[in-house]
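The block underneath contains the structure these notes are about, expressed in structure tokens.
The values are calculated or read from the model by the stated rules, or taken from the named source; none is laboratory data. Values in this document were obtained by computation on a predicted structure and should not be read as measured data. As a convention, Cβ positions derive from the backbone with ideal geometry for all residues, glycine included, and neighbour counts pool all protein chains shown.
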Amino acid sequence: MSPWRVAGRRFVRNRAAVAGAALVALLVLVAAVGPLCTGDPLAQPDPVRLQDRPPSGAHWLGTDPYSRDVLSRTVSAARVSLGIGVGAALLAVTLGTAVGLAAGVAGRRTDQLLMRGVDVAMALPRIFFLLAVFAVWEQAPPVAVALLIALTGWFQTSRIVRAEVLSLREADFVAAARALGVPEGRIARRHLLPHLAGPIIVSASLDVGNIILLEAGLSYLGLGIRPPTPTWGNMIMDGKDVLFSAPWVALAPGLALILTVVAFNLAGDGLRDALDPKARA
Amino acid sequence: MSAAALAPRTPLLEVRDLAVTFTGPGGVARAVDGVDLTVDEGETVGLVGESGCGKSVTALALLRLIEPPGHIAHGSSVRLEGRDLLALGTKEIRAVRGNHVALVFQEPLSALNPVRRVGAQIAEAIRAHEPVTRATARWRAVELLGTVGIPDAPRRASAYAHQLSGGMRQRVMLAMALACRPKLLLADEPTTALDVTIQAEILELLDGLQRRLGMAVLLITHNLGIVAERTRRVYVMYAGQIVEEAPTERLFAAPAHPYTEGLLAAVPRLDLRRERLRAIPGQVPPADAWPAGCRFHPRCPHAWERCRTELPPLLPVAEGRKARCWLVQEPDRRQA
Amino acid sequence: MLGYVARRLGFAVVSIAAVVVLTFLLVHLAPGEPMLGSADRRMVSPEVLARQRALFGLDRPLPVQFVRYAANLARGELGESFVLHRPVAAVIREALPNTLLLGAAALLLAVGLGLAVGVLQAARRHSLTDTLLGGATLALYSMPVFWLGLLLLLVFGEGLHWLPIGGMTDPAVHDLLPPLGRALDVARHLVLPAATLGLVQAAAFARFQRSALLESLGAEFVRAARARGLPERRVLLRHALRTALAPTLTLTGLSVPYFLAGSVLVESIFGWPGLGRVAYDAIFARDYNVIVATALIAGVLVALGNLLADVAVALADPRVRLDR
């Protein structure tokens, strides 16, 4: 049985992991199709009388201070959050893998240089630079947000990949390929990369949750993606001013956030346990 | 002579029907399946087998160190000087571990705590069983290090495990095991992780200590060489069971079980002219899928119908000799 | 050991230098007038602008500007806040201790609670306690810290009226109280923000500690310790935990960035007059000098946090001292 089948079996046996994966699938579905079923997140049909209304038959999650339907906004925001979360994670992992691979196969000098750079970069406070950048860049599109988050978050992946590459480099099957005259680049692509898939997948899936929370923090501060485009973060920002009088405005997006991050964390943990040869207790 | 002197001595260790099962997603594996062992006071007994035969599990089971998903099966009995260790309470079994029976592990680097100094670990073992002060325990630890042949003992006691060489680490493990003067030492592959020259030193050391302390030793190993040199009796283990039991000399001179024959034949000989190494065909079966009948039959050159269907019990061959093989009853079935 | 510390110290210095360079670049790459950001030119008086120019040598070539910038930093000169009309250094000096107090309280809570829960979970693995605690830590860990703050504020502040809903002190009575009373007043106000910051990190620590400890418990030397007849509690604490402690210490040092980021969010929710709130206000007001100064301080704190963590790890795990 291939190691992938074995890992797949192990994943399926882990109930929490399956629950997480199912939840992720559900969320993706909601994000993709949901906005078609709920109303217009930007609509303000009755600015005066519909302000801060509690949950009712017409508005399942109530309305916000701008008289917009909280439910449709929450569902729409899923697209942004999930999109940025997954997108940035994929970007970060790609970058990290590229650098880690390069460092791993390169000579000592290049390797040391790259890793020193990574060490210093890791020591810098990511949040503050993102804050500073987005404070200046007022109308950043979601792609830019994802890109910048990715650019500041690939370091850990590069270290993991580099470590893996270093240990694989001396493996017998690599030496055999070299002895047969296979060029280095080909070795890297066809022999090393498949082995890296495991740690990379785990790194990426565990990253998604953190990135979603990071983006939420940024939009809560009014940076990144701004109203009226709903993100869960900026919805909470809208809700904090009416926290005592209309708590549902902030509660709904918050719960949505927790649910999403929990789902990705569960699935990510499950993937890690399934792909790790030393199955953790 | 008095009646007491004539009465049969209770063996130090008496194991009857020991079985250890592991429950996993693939099913139940009987890693140890009905093992009988005896060790007398002061005796050195060998337990031989390839990896995967269950010998290390046996050692752990003797001290009740098996954890879930492993369980010691009902009906097993492990008696130390008559007391059933499996029936003891938690506190009582702890009083036995390290105190009356000590276990030496195979890989000293992983068996020693990496973040604590070795002297402290030995002292801790002493204080766990004897009401002595910290200072006394430390002093005794240093003394023990000297006894096991570690030079400059007071300084080495403050060392960490990774600062010592492999041979010294093994000596530290021995010192820890002997700290409370146990009556029985379970040595699980005590020399496998060491170079050949160091191996000899450690075994000499073990010999000397044993004689001095009157300690019994159960030497668990796959190395037939050290078994031949150092033990008086041997048990051969295969697929979770004892397949042969004999005084060492007799075993090596004339093995009764085909597996033992195979093991001995596989040892490279420089004095005979042979071009190829003799290996036993086939592989050790996994613990969750023992073959039906005699567990060795798929690899045995003499196997016939009976072997495929009936599991042989340990049959007596001679005084103090037993073998789990139908050839004992039907010696003519032996292929040339 | 000393060599190791010296190396890590050197690394910290390099990190801080990198932060200085990066903030400088940030200032000069941003649109608009350097050190002014996109703040409305008309809102800032010409005198202030002139002072800025002179101080930072904004009409000189870039390398000279950098030297000026670095020299100013060394003197503690951080420019002037256009919004608060005060020297930035003074603003920082007032706010930083409050943030450090909040951070320390939160860290204590995080490490204490996290460690305790993690150990408990590992000791009772696969039991109901483990599952329940695991669920709780997962939920907390997946929660945005600002949302938790709002929730706690809603429940404990407004809903139950147990704790004050904002500020660091009760302005009505604080100055009238004796020193002990004043300390208690601050403490009362500290509870909610520290709990908000600390709980999420506590969950992270607990999760990590649980798996580190479980791995340690499975190690051969733990089994060897049991084989020597040591009592279970001693095996757990003195052997398994000691070894699992080192990675937790590293994690503590690495959590400084999270505490800093969290403080920006939490201090604004609870009106805690610390560096986070200063940064938050500055971001909204586009008070660029302040933003840059806080980024700098954050960088320094992170570098120090990493350094302390590295040293602590070397003390806890002797194998580390031999690295490279």
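Criterion first (under 24 Å from B:GLU50 (Cβ atoms), in a loop (DSSP other than H, G, I, E, B) and touching a residue at least 24 places away in the same chain (Cβ under 8 Å)) does B:LEU219 satisfy it? No: the conditions fail for B:LEU219. Give the residues of segment C:220-246 that are more than 7 Å from chain B (Cβ to nearest Cβ), more than 31 Å from the chain's Cα centre (by Cα) and surrounded by fewer than 19 Cβ atoms within 10 Å (Cβ to Cβ), sorted by residue number. C:GLU232, C:ARG233, C:ARG234 - these are the residues of segment C:220-246 that are more than 7 Å from chain B (Cβ to nearest Cβ), more than 31 Å from the chain's Cα centre (by Cα) and surrounded by fewer than 19 Cβ atoms within 10 Å (Cβ to Cβ).
For the residues B:LEU86, B:LEU47, the requirement of being at pLDDT 90 or above and away from chain C (no Cβ under 14 Å) singles out B:LEU47. Among the numbered conditions (1) of a type in the set (S, T, N, Q); (2) farther than 23 Å from B:PRO286 by Cβ; (3) within 14 Å of another protein chain (Cβ to nearest Cβ), the only one that B:SER56 does not meet is (2). Counting only helices (runs of 4 or more DSSP H) that sit completely within segment C:210-300, those holding 2 or more residues that are touching a residue at least 24 places away in the same chain (Cβ under 8 Å) and of a type outside the set (D, E, K, R) correspond to C:242-254, C:256-270, C:275-285. From the list A:ALA250, A:ALA256, A:ALA263, A:ALA274, the lone residue that is facing another protein chain (nearest Cβ under 8 Å) and either outside any loop (DSSP other than H, G, I, E, B) or at positive phi (or both) is A:ALA250. For segment A:101-120, the count of residues that are touching a helix residue (DSSP H, G or I) at 6+ places or on another chain (Cβ under 9 Å), closer than 25 Å to C:GLY305 by Cβ and crowded, with 20+ Cβ neighbours inside 10 Å is at least one. Within segment C:168-180, the set of residues being surrounded by 12 or more Cβ atoms within 10 Å (Cβ to Cβ) and without any contact (Cβ under 8 Å) to a residue 40 or more places away in the chain comprises C:THR169, C:ASP170, C:HIS174, C:LEU177. Can you confirm whether C:ALA204 is more than 14 Å from chain B (Cβ to nearest Cβ) and part of a helix (DSSP H, G or I)? For C:ALA204, the condition - more than 14 Å from chain B (Cβ to nearest Cβ) and part of a helix (DSSP H, G or I) - is met. Scanning segment A:167-219 for residues that are within 17 Å of the chain's Cα centre (by Cα) and of a type in the set (D, E, K, R) yields A:ASP207, A:GLU215. Scanning segment B:105-119 for residues that are surrounded by fewer than 22 Cβ atoms within 10 Å (Cβ to Cβ) and among the aliphatic types (A, V, I, L, M), we see that the one that is farthest from the other protein chains (Cβ to nearest Cβ) is B:LEU109.
Just wondering, is there one or more residues in segment A:142-152 that are within 14 Å of chain C (Cβ to nearest Cβ) and touching an Asp or Glu at 6+ places or on another chain (Cβ under 7 Å)? Yes - at least one qualifying residue is present in segment A:142-152. When restricted to residues that are among the small types (Gly, Ala, Ser) and either at pLDDT 85 or above or out of contact with any Ser or Thr (no Cβ under 9 Å at 6 or more places or on another chain) (or both), segment C:292-302 contains 1. Scanning segment C:141-164 for residues that are more than 9 Å from every other protein chain (Cβ to nearest Cβ) and touching a residue at least 40 places away in the same chain (Cβ under 8 Å) yields C:GLY149, C:LEU152.
Of the residues making up segment A:121-128, at least one is among the aromatic types (Phe, Trp, Tyr) and surrounded by 19 or more Cβ atoms within 10 Å (Cβ to Cβ).
Could you count how many residues in segment B:89-104 are within 8 Å of another protein chain (Cβ to nearest Cβ) and in contact with a strand residue (DSSP E or B) (Cβ under 6 Å, 6 or more places away or on another chain)? Residues flagged as within 8 Å of another protein chain (Cβ to nearest Cβ) and in contact with a strand residue (DSSP E or B) (Cβ under 6 Å, 6 or more places away or on another chain) within segment B:89-104 amount to 2.
Does B:LEU12 count as at pLDDT below 90, surrounded by fewer than 21 Cβ atoms within 10 Å (Cβ to Cβ) and of a type in the set (A, V, I, L, M, F, W, C)? Judged against the criteria, B:LEU12 is not a match. Note on segment A:220-231: among residues that are of a type outside the set (A, V, I, L, M) and within 8 Å of chain C (Cβ to nearest Cβ), the one that is farthest from the chain's Cα centre (by Cα) is A:GLY222. Would you check if A:ALA204 is surrounded by fewer than 20 Cβ atoms within 10 Å (Cβ to Cβ) and in a helix (DSSP H, G or I)? Spelling it out, it is not the case that A:ALA204 is surrounded by fewer than 20 Cβ atoms within 10 Å (Cβ to Cβ) and in a helix (DSSP H, G or I).
Taking segment B:120-141 as the range and being away from chain C (no Cβ under 14 Å) and within 21 Å of C:PRO318 (Cα to Cα) as the test, only B:ARG138 passes. Residue-level analysis places C:VAL311 among those that are surrounded by fewer than 22 Cβ atoms within 10 Å (Cβ to Cβ) and either away from chain A (no Cβ under 11 Å) or assigned to a loop (DSSP other than H, G, I, E, B) (or both). Applying the criterion of being within 25 Å of B:PRO331 (Cβ to Cβ) and under 22 Å from the mean Cα position of the chain (by Cα) to the residues of segment B:266-309, the residue that is surrounded by the most Cβ atoms within 10 Å (Cβ to Cβ) is B:PHE296.
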